Amino acid sequence: MEAGQIGVSGPALKRRLEASSPRYGERVIYALLASCAVISVATTVAILVSLLEPALEFFGEVSLGDFLFGTDWGPTFEPASFGVLPIVVGTLSVTFWGLLFAIPVGLGSAVYLSEYASRRTRRIVKPVLELLAGIPTVALGFFALTFITPTLQDVWPGHLFGGPPLIFSALAAGLAIGLMVVPIIASISEDAMTAVPNGLREGAYALGASKSRVATRVVFPAALSGIVASIILAVSRAIGETMIVLLAAGNTPNLTFSPAESIQAMTAFIGTTATGDIATGTITYKTVFAVALLLFVMTFVMNLLSIRLVRRYREVYE
């Protein structure tokens, strides 16, 4: 550096760092990225607005307390009842059984791919695992109905939960949902573990730690924010699943967490009711929007929880 340039600072330095000519390509890219962000936010707002008016009309006829805490759900029956709790419990039940399968399998796959698999194995196994996410959910629903359910009925202990699962059951649908979200947990968690600096691993090995201890005591805690984000994303995906629960879980609004019984999920109710056969403006028509709004709020809360947990457990490395 020349002597005359050593003390350059302020506006003069800023002019030297700026491009000599306008970079129109970068401006176009910036505008496209900003447009994508605006479209995403606008779409979310539009969905919320489209749900609000019919839902508010519904709550003008049915009290919010009766809707949220009522235990009798039958909006298409006569007399109608609007206690949404049975289908909320059904949604949470099938999500719970799905995650009970998906979290151990997904995290185990992530640890294997990140810490144990060779590069060649990782290049083969990870794309195959992610390919599972591309299977249509209707195919997974039929798989649950024609394979998972008969298998469960054959191996089920007779005394457990009052007998083997029915043709439609929360457990069969939950296992299919678990298969669906395994790639989400495995892929995002593996990316988070791979991003952990090798210096942490090398330091642990230098202290005499085994590979399993490094994976569970060093890498896993360091990647916890990404792992939590993957699980929350999987929960949100499982709560919003429609075709699997529609085909495999049944359509009976039971207030139970039993995996062997048929249940009705919120998405299944929306899918079977919003078919165009219901007259616009009726209370049953408005019920669909009320349930959809509640589902939107539940997913929104899950996303807020995900953001908070990720910020809390985030590790920053230089």
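Just so you know, all these numbers are worked out from the coordinates, no wet-lab data involved. The structure presented is a predicted model; accordingly, all values stated were derived computationally and were not measured. FYI the Cβ positions are ideal-geometry reconstructions off the backbone, even for glycines, and counts take in every protein chain you see.
Structure data summary
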quantity: Karplus (6.51, -1.76, 1.60) ³J(HN,Hα), θ = phi - 60°, over region 100-116, in Hz, Gly and Pro reported as x; calculated: 4, 8, 6, 5, x, 5, x, 5, x, 5, 5, 5, 4, 5, 7, 10, 10
quantity: Spacing of the two label points (7 Å from each Cα toward its C-beta) at Thr299 and Thr256, in nm; calculated: 2.9
quantity: 0 to 90° range, to nearest 10: angle between helix 24-61 axis and the chain longest Cα axis; calculated: 20
quantity: Choice from Ser236, Ser35, Ser81 showing the highest fluctuation, given a GNM over the chain with Cα pairs closer than 10 Å; calculated: Ser35
quantity: Choice from Ser40, Ser50, Ser169 with maximal GNM fluctuation in the chain (Cα, 10 Å cutoff); calculated: Ser40
quantity: Region 81-139-region 277-308 distance, computed between alpha-carbon centres (Å); calculated: 24
quantity: Calculated on alpha-carbon atoms, Rg and Dmax of region 68-313 in Å; calculated: 20.7, 72
quantity: Dipole magnitude (debye, nearest 20) for region 230-318, charges at Cβ of Lys, Arg, Asp, Glu; calculated: 320
quantity: Least to most buried among Glu202, Glu57 (fewest other Cβ within 10 Å first); calculated: Glu202, Glu57
quantity: The chain: angle of helix 119-131 to the longest principal axis, Cα-based, in degrees nearest 10; calculated: 40
quantity: Sum of -39500 (n - 2.57) over DSSP H runs of 4+, divided by residues of the chain (222 nm, nearest 500); calculated: -20500 deg cm²/dmol
quantity: Between helix 224-239 and the chain: long-axis angle, C-alpha atoms, 0 to 90°, nearest 10; calculated: 30
quantity: Computed P(r) (all Cα pairs; region 172-309; 5 Å bins; percent); calculated: 2, 9, 14, 14, 14, 12, 10, 8, 6, 5, 3, 2, 1, 1, 0
quantity: Ranked list, fewest to most other Cβ atoms within 10 Å of each Cβ, for Asp72, Asp277; calculated: Asp277, Asp72
quantity: Approximate spin-label separation Thr216-Phe161, in nm, with each point projected 7 Å along Cα-to-Cβ; calculated: 2.8
quantity: Along the chain, longest interval not containing exposed chymotrypsin sites (Phe, Trp or Tyr not before Pro), exposed being DSSP loop plus at most 11 other Cβ atoms within 10 Å; calculated: 78-316
quantity: Likely footprinting exposure, Glu241, Glu78, Glu190, fewest C-beta neighbours within 10 Å first; calculated: Glu78, Glu241, Glu190
quantity: Long-range amide H partners of Phe82 with built H, under 5 Å; calculated: Gly74
quantity: GNM flexibility winner over the chain from Ala144, Ala215, Ala46 (Cα, springs under 10 Å); calculated: Ala46
